[in-house]
Amino acid sequence: MLTVLIFLPALCVWTGFGLLYLVPIKRTTLNAATAIFLSLVSGVLLLGWVATVATELGVFRGEAIVVLGILVGAAGAWQARQHGLKVQLERTPHLEAAFLLALIGLMSALYFRPHEFIFGGADAGVYINLGATISRSGGLILDNPDLAALPPDDIDLLFRPQPPNQLPRYYHLPGFYIADDNASQITPQFYPLHPVWLAVAYGLRGLAGSLNLTPLWGLLGVLAVYFAVREAFGRARLAALAAGLLAITSTQIWFARYSTSETLTQFLLFAGLYGLARHARTREAWAAVLAGVALGQVMLVRIDMYFLLAVPLIYAAYLRLRRQLDRRYWLFAGPLLALTAHSLIHAVWQSWPYFYNTYFSGLKPPIPIPILIGGAIVAVVAFLALDRWVAARENTGGRSDWAARVEPWWRTALTLAAIGLVLLAAYAYFIRPLSADPTKQSNYWYADSTIPDVEPLNMVRLGWYLSPLGLLLSVIGCALLVRERTSERTWALLGVGLFFTLLYTYKTYNNPHHIYVMRRYVPAVFPMLALGAAYALDRLADWNPIGRVSAIGLSIIMITLLIDAGRVSNAQIDYAGGLDQYRAFSAQIPPDAIVLFDDRGVVGVTALFGTPLAYLDGHTVLDMQEDQLDAERLGALVKGWLTAGRTVMIVSGPQASNQLCARWQCRPSGAMRFEWPQLESSYEHFPATVVHPIYNLELATVEAAR
């Protein structure tokens, strides 16, 4: 834990410190806490991007990334010694410093208890395995010569086919596609930045490093929310309350322990929003660049964040109307667009199946495409008309007063938007749930199951985690923020937060079982709702002495309710003991073994245990497709492996077909029982029960034909 909690942030701070002195920025003044945060963000951005490019080129080395960070810091320190400090440090107020230290201590205690999810079948385990593979191989695109030797006609015996509308035809194990024209080429499912950072952590401390990386991103994400809110609204008390509420929300704690990409996304997103807010206040060039790079890197983490391209478009329109659109705009938009291009190049180059299946395989946008196109045309025409009107006012000498004339209309529009937000929330909480029909099922191909119609309940289920009181305060606060605090400094933070809140409250675009589906809300929605609740309490506290007492009382009640909502999940470590059990299991398998899994489960023991065998330990793992097995063809494959001197092992699950051992002599080689605690998955109710799934596996070594 300490390697990730102390060494990795220290390396990034040192790298970022050096970077600030190696790039041409003007002298600036920051308090000490902000300077450390800025250095850390800069180091993360530089090292993460370099590591990603190295991985795409197949030359990643974790130790090289560490050396690069040390050298950049050293070069910057030498530059600072030669030419003086560019950053003038101010003392951080004692109360703020004490709060930040206490918050970091609290989050360290809560977050650094990661779930031991090294298994396959779900995104968290796939990410862990992919990070380990990158650390070992140096690249994303993997090659397995044993798969290359498989006859093309036998592919259907050993790989699960995908639906006809998806690419490619087969996958090796969940999250790892095999190329149609080359079975040895394996393409991972996800975008690269998160697994690349997992590879860095794996290189530093093995699986312990990988598992403890997401808690670090969860901690840094909350800190990024704090600095972004403080910069955007200029109120340390508001920022502290928002960050404090977010830090103890059960979903933030859960997903800080769960090795998916949401907490890294949250950190980069709010680091970028911090930079944009600071640039709006100070016009400092470095802040614009920071915003562009951080928001751009979000699109190297997640495939669903291209909505952020609206930010530079809206910003350009605003600056144009203010007649302030000049080359400085590109300090922000240039890096963002360049990294977006990098993301799209990566999609075509090394993540094409993932990109195609996400955007071209039946995705239904929340608004029909013709309406979206029509809305875009109307928006462009309206902007051009407004721009012409502004130009006409300038030509008649009215440049100084046109904004003042528009101001009342703008304030009216904001008031109407705030009212609309409250009405939408009321509809989503009280009326829309009436349309839910849990008996209505939709097909879920991946698990060969069905999903109930529960999306209309999304707003109610947000209240499971925030409490109804917290949700009410959030809605009131968000409406007040829109009406009272929309400005050049705050618009991006409010716009991004509210957009994703509306989008994912409408539909999660995921398997909506809890607590898993709440990952959709981690990057932007829960921070936005925490900010809304904090603003409602902050405004109440400023009202009068009675309001101050009421705000304190409501804060205590809300904190109590947040703690109560996490009474089960916060104490739970999923898969606890699973890592040691897996090591005992993998020790029974020889290094050169061909491992055949025999189990009829669609996403069962093969996905769970075959994934780490293949991608943590480097075994050749094959999933026998029991409904497609041809005994003669499979026997020929086994005979070829044995003739080549390879060990062939069979791992049989609870639904084994035992077809192979009916024709071949199989020597029992061991058994393994897996059992661990796991939070229940539920479509119908708040998850509050810990279950203990059991998996019994039998191992056998194939010796000769009968």
Problem - Number of positions in region 76-107 that are aliphatic (A, V, I, L, M) and modelled with pLDDT under 95 - result: 5
Problem - Test: residue in region 346-359 that is open to solvent by 30 Å² or more (accessible area, probe 1.4 Å), in contact with a helix residue (DSSP H, G or I) (Cβ under 8 Å, 6 or more places away or on another chain) and over 22 Å from Arg519 (Cβ atoms) - result: yes
Exercise for the section: Could you name every one of the helices (runs of 4 or more DSSP H) located completely within region 217-329 that has at least 3 residues being closer than 30 Å to Val390 by Cα? Expected result: 262-282, 285-301, 310-321
Exercise for the section: Output the residue which, of all residues in region 282-301 that are at pLDDT below 95 and either among the aromatic types (Phe, Trp, Tyr) or in contact with a helix residue (DSSP H, G or I) (Cβ under 8 Å, 6 or more places away or on another chain) (or both), is most open to solvent (accessible area, probe 1.4 Å). Expected result: Ala285
Practice task
Sort through Gly645, Gly618 and tell me the only one that's within 36 Å of the chain's Cα centre (by Cα), under 19 Å from Ala148 (Cα atoms) and open to solvent by 40 Å² or more (accessible area, probe 1.4 Å).
Solution key: Gly618
Exercise for the section: State yes or no: is Asp304 surrounded by fewer than 23 Cβ atoms within 10 Å (Cβ to Cβ) and in contact (Cβ under 8 Å) with a residue 40 or more places away in the chain? Expected result: yes
Handout entry: Those helices (runs of 4 or more DSSP H) lying entirely in region 458-513 with at least 1 residues surrounded by fewer than 17 Cβ atoms within 10 Å (Cβ to Cβ), of a type outside the set (Val, Ile, Thr) and in contact (Cβ under 8 Å) with a residue 12 or more places away in the chain
Key = 468-485, 491-506
Handout entry: Cβ-Cβ under 8 Å pairs, at least 6 apart or on other chains, region 594-615 side modelled with pLDDT under 95, far side assigned to a helix (DSSP H, G or I)
Key = Asp599/Val605; Asp599/Thr606
Practice task
Hey, can you tell me all the residues within region 621-642 that are of a type in the set (Asp, Glu) and within 20 Å of Asp146 (Cα to Cα)?
Solution key: Asp623, Asp630, Glu632
Completion exercise
Restricting region 418-453 to residues that are touching a residue at least 24 places away in the same chain (Cβ under 8 Å) and touching a strand residue (DSSP E or B) at 6+ places or on another chain (Cβ under 6 Å), the one farthest from Ala479 (Cα to Cα) turns out to be Tyr444
Practice task
Please determine, by comparing only the residues of region 574-585 that are surrounded by fewer than 19 Cβ atoms within 10 Å (Cβ to Cβ) and in a loop (DSSP other than H, G, I, E, B), which one is farthest from the chain's Cα centre (by Cα).
Solution key: Gly577
Exercise for the section: Select from region 434-450 the residues that are within 25 Å of Phe176 (Cβ to Cβ) and open to solvent by 90 Å² or more (accessible area, probe 1.4 Å) and list them in ascending order. Expected result: Asn443, Asp448
Practice task
Could you please tell me which pairs satisfy a Cβ distance under 9 Å, a separation of 6+ or placement on different chains, a first residue in region 164-187 that is over 15 Å from Tyr446 (Cβ atoms) and free of Cβ contacts under 8 Å to residues at least 40 places away in the same chain, and a second residue that is hydroxyl-bearing (Ser, Thr, Tyr) and in a strand (DSSP E or B)?
Solution key: Ile178/Tyr170; Ile178/Tyr171; Ile178/Ser184; Ile178/Thr187; Ala179/Thr187; Asp180/Tyr170; Ala183/Tyr170
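The values are calculated or read from the model by the stated rules, or taken from the named source; none is laboratory data. Just so it is clear, the structure is predicted and the values come from calculations on it, not from any experiment. Methodologically, a virtual Cβ is constructed for each residue, glycine included, from the backbone with ideal geometry; neighbour enumeration extends over all protein chains shown. Side chains included, ligands, DNA and RNA excluded: accessible areas come from the protein's heavy atoms. Shrake-Rupley method; radii C 1.70, N 1.55, O 1.52, S 1.80 Å.
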